[in-house]
Amino acid sequence: MRNISERKRQPASSAHEGAGSFFNMIWTHNPVAGPVIATIVFLIAWQAASLSMPVFLPGPIAAMRGGVELFQNGQLLPYVGVTWYRVLLGWGVGVLLGIPTGWMIAQSNIVKRLVDPYINFFRFIPPIIWVTIFLLWFGYNDVTRVLLVAYATFMICVIHGTVGIISIPNEKIRAAANLGVTGWELFRRVKIPAALPDAITGMRVAMTNSFMTIIAVEMLTASSGLGYLAWTSRLYFRLDFVFISIVILGLMGLVTDRIFRFLTLRYLRRYGVHFD
């Protein structure tokens, strides 16, 4: 009897293994297939969920129609462009100030001990709480919005810049010194290349924070941009506009990150920079 039951189970087991092998083959030989299949499944599930409450949860079809409407009335592309401009400019300013600042702080243990409490104090203060002060200082304009994004980026980059320098093995520093490399040459030729992987990690983390910051800032201070669009759409109960804003924002972040990864790997791979 046991043999008979085992034989009956074999076809089901074989079918399961065959299906698993089929999907493994797709994932292995076509890396694009996995994300495409996952996206299709997600869209189907989203559309199905929206059928029960279409007013409060517009499906992907309704969101797409809303996006087409925004495109046709000339709002969508300018809003995408201005949000991208603000976030990239603020992120760039924060990176250019934050990474070198972290590197400089790490050069001296005394400076590090003096500055560390202030870095840890300000990094727990979210950019949004500075909105009122920045509006009074810099006005109701893009300077305020860009500086708030730069603030969010700066704190993260300072920390990662500092960690990148202090985590360099002492053996590497001593080996360079034994070869006569000291001072500025040591910093430029040894420390900066060794600290680049941590700096790149900080820049990517800061990029995420920059996108989150600009949306909140646009909701509170702007009259354009995706954050403004999502925030004001609630007044007209246009949740399709809100959802298409969310989708576009995610795509913007994905594209920006992929471009950053491509450029980083192309020019900095020799310094040990890599992405899992």
Inset, instruction - Would you mind telling me which numbered condition in (1) under 19 Å from Ile214 (Cα atoms); (2) exposed (fewer than 12 other Cβ atoms within 10 Å of the Cβ) Phe122 fails? - result: (2)
Inset, instruction - Would you kindly identify the helices (runs of 4 or more DSSP H) lying entirely within the stretch 38-126 that contain at least 1 residues that are over 30 Å from Arg145 (Cα atoms) and touching a residue at least 24 places away in the same chain (Cβ under 8 Å)? - result: 60-72
Inset, instruction - Answer yes or no as to whether Pro197 is touching a residue at least 24 places away in the same chain (Cβ under 8 Å) and farther than 28 Å from Ile129 by Cβ. - result: yes
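Quick one: count up the residues across the stretch 222-241 that are in contact with a helix residue (DSSP H, G or I) (Cβ under 6 Å, 6 or more places away or on another chain) and in contact (Cβ under 8 Å) with a residue 60 or more places away in the chain.
9
Residue by residue, here is whether (1) closer than 23 Å to Pro100 by Cβ; (2) assigned by TED's automatic domain parsing to the domain that holds Met203; (3) touching an Asp or Glu at 6+ places or on another chain (Cβ under 9 Å) holds:
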site: Asp142; (1), (2), (3): no, yes, no
site: Thr153; (1), (2), (3): yes, yes, no
site: Val163; (1), (2), (3): yes, yes, yes
site: Ile168; (1), (2), (3): yes, yes, no
site: Lys172; (1), (2), (3): yes, yes, no
site: Ala175; (1), (2), (3): no, yes, no
site: Glu185; (1), (2), (3): yes, yes, no
Inset, instruction - Tell me the helices (runs of 4 or more DSSP H) entirely within the stretch 191-276 that contain at least 1 residues that are farther than 20 Å from Glu69 by Cα and among the aliphatic types (A, V, I, L, M). - result: 192-221, 239-268
Inset, instruction - Would you mind finding the one in Val95, Val41, Val82, Val68 that is at pLDDT 95 or above and outside the structural domain of Leu147 (by TED's automatic domain parsing)? - result: Val68
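State yes or no: is Ile168 without any contact (Cβ under 8 Å) to a residue 60 or more places away in the chain and more than 16 Å from the chain's Cα centre (by Cα)?
So Ile168 fits the description; yes.
The values are calculated or read from the model by the stated rules, or taken from the named source; none is laboratory data. Since the structure is predicted, the reported quantities are computational estimates derived from the model, not experimental observations. Quick reminder, even Gly has a Cβ in these numbers, built from the backbone with ideal geometry, and neighbours come from all protein chains shown.
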